[in-house]
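Down below is the structure, laid out as structure tokens.
Every read-out reported here was derived from the displayed coordinates using simple, explicitly stated rules and does not represent laboratory data. Predicted model only: the values in this text are computed from it and were never measured. Cβ placement follows ideal geometry from the backbone for every residue including glycine, while neighbour counts extend to all protein chains displayed.
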There are 2 protein chains.
Amino acid sequence: MSKINNVTLVGAGNVAAHLAMAVVNSGMNVVQVYSRSNRSASMLAGKLNVPFCTDPQQVSPGSDLYILALSDDAITEISSLLPITDELAVHTSGSLDLNILNGTSENTGVFYPLQTFSKNRDISLRNVPVCIETNSPENTEKLADFAAALSDKVYCFPSEKRKILHLAAVFACNFPNFLFSVSEDLLALKNIPFDILAPLIQETAAKAVAVSPAAAQTGPAIRNDIQTIGAHLDLLHNEPAIRDLYKIITEMIIRKHHQNGSL
Amino acid sequence: MSKINNVTLVGAGNVAAHLAMAVVNSGMNVVQVYSRSNRSASMLAGKLNVPFCTDPQQVSPGSDLYILALSDDAITEISSLLPITDELAVHTSGSLDLNILNGTSENTGVFYPLQTFSKNRDISLRNVPVCIETNSPENTEKLADFAAALSDKVYCFPSEKRKILHLAAVFACNFPNFLFSVSEDLLALKNIPFDILAPLIQETAAKAVAVSPAAAQTGPAIRNDIQTIGAHLDLLHNEPAIRDLYKIITEMIIRKHHQNGSL
């Protein structure tokens with residue numbers, strides 16, 4: 001089985017940029033970058049000192065691995081235009097099926113890194129769980145080897161598991177972050193800087209991970225503290241959407257912890 | 001102005017236990033512990049090697065400070081039974097008025113540490129924001145000195161600001177933790193251990209604090225990715241309450257970021 005050495009990045013966004021650096025830092029080569037945006041393609045390619053293109057048909061064939069780090073709605077179109085036939089091609093989406101790449105190559109896979117990537121935040125991929133899936137045992141072995149060169153936490157998950165994981169990640173990352181932004185807006189009403197909440201937010205995350213969130217729950221809802229809940233709803237009388245959200249989550253916490261538990 | 005040296009703890013729960021250790025570690029004395037529960041009182045008092053009582057009328061007068069670390073609904077009853085007159089008495093609640101202690105002493109205050117405290121988790125109070133408020137400038141100076149001996153982040157906030165902060169803390173701690181528990185339950189459906197989400201949860205917290213949550217938002221909702229949102233709702237067809245919550249928060253994120261922002 002041939003080892004992966006040369007990698008083509010199809011996409012130049014946050015995920016592509018983080019993966020590119022991890023590939024290079026692991027001693028492999030990024031040989032070309034594609035993005036429909038000339039600016040994104042040239043920036044990432046410049047950083048890596050490799051050629052780039054903005055037309056998917058100009059992507060060179062013959063790489064060991066094509067990583068399609070594209071938005072979900074771009075994958076179908078772009079992947080169908082790549083001039084490859086049996087080169088291993090993987091997408092990085094948490095929610096798309098493996099078979100979306102059926103028309104792209106005979107050898108396909110998924111390489112889904114479970115993390116929130118942003119510009120200007122360096123994240124070591126070593127600690128990021130990576131979920132892989134491919135269309136053959138040989139490809140799985142090849143992709144698992146590649147993944148293990150980048151991350152210490154490689155999971156071979158079928159699409160069904162990966163999709164639940166992606167959904168759980170929305171509840172563990174995107175939605176909590178939105179609640180943080182509600183806090184930020186509430187504090188702004190009284191000119192209180194958001195960073196006063198930093199130690200609380202960090203301890204909340206650390207505790208949930210250390211003892212499990214069900215055991216870590218604190219606050220008025222789990223105490224069924226009707227007086228405080230009422231006072232909070234009064235404070236929110238000018239914010240009906242936030243007030244409704246407060247009521248809904250509070251009722252769910254009470255139901256979970258005071259009735260029969262679980263979902 | 002007399003400095004605070006001797007502290008009586010009225011309450012022996014998580015907050016009381018953490019404050020007691022911080023007092024002792026700062027070179028002051030805890031002189032007595034009260035709790036209605038014999039077990040809680042004796043445990044904390046034993047750890048501190050000081051006397052305890054389970055009758056509020058047996059609390060000794062003459063301490064420099066009485067910290068009432070009690071549940072909100074216990075404060076009114078217990079505080080009215082304490083045999084003190086002009087000793088400084090403070091409660092630790094984020095949501096109660098200062099004047100709830102009017103019948104307790106001539107000198108009253110609030111000492112609200114903004115953190116989630118649990119048994120078996122050591123938290124240094126040095127990094128915990130403490131909000132204080134008292135009924136006189138002299139008491140504020142005295143309590144601020146005491147607070148500064150325990151924490152590097154002391155804020156003199158009127159009740160109005162403290163109450164908004166307490167509400168914001170529910171959105172920044174209790175509610176995100178509940179969402180983590182939803183993730184945990186979803187993963188359990190497919191036998192995926194919750195700790196796979198640990199790096200994501202930690203990075204989400206770190207990023208929100210570093211760049212502000214509004215700037216840190218990622219995920220299907222902020223991308224208005226209807227396809228992924230639809231797939232997630234389909235996955236939740238057997239969990240109507242969780243499905244509704246997903247829809248509500250997703251719509252709020254879309255509204256916040258694609259319409260006129262703020263609350």
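Here are the numbers for the structure shown:
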quantity	calculated
Cα centroid separation, the stretch A:61-79 to the stretch B:110-128 (Å)	48
Spin-label model distance (nm) - A:Lys3 vs A:Thr54, 7 Å beyond Cα toward Cβ	3.7
Full-stretch length increase - A:Asn224, A:Asn191 - with 0.36 nm per residue and alpha-carbon distance subtracted	8.9 nm
Exercise: per-residue mean of other protein chain Cβ atoms within 10 Å, A:217-229	5
Loop GluC sites (Glu not before Pro), the stretch B:59-130 (other Cβ atoms within 10 Å of the site Cβ: 16 or fewer; DSSP)	B:Glu106
Other protein chain Cβ atoms within 10 Å, averaged over every residue that makes up A:245-253	5
Per-residue [θ]222 nm for chain B (sum of -39500 (n - 2.57) over DSSP H runs n ≥ 4, rounded to 500)	-14000 deg cm²/dmol
Rounded tilt (10° steps) of A:72-81 against the dominant C-alpha axis of chain A	10
Förster radius 22 Å - calculated FRET efficiency between B:Glu239 and A:Asp244, Cβ distance, rounded to 0.05	0.65
B:Ala148 paired with B:Glu106, simple spin-label distance in nm, labels 7 Å along Cα-to-beta-carbon	2.6
Residue-count net charge about B:Val211 - beta-carbon cut-off 11 Å; Lys, Arg +1, Asp, Glu -1	+3
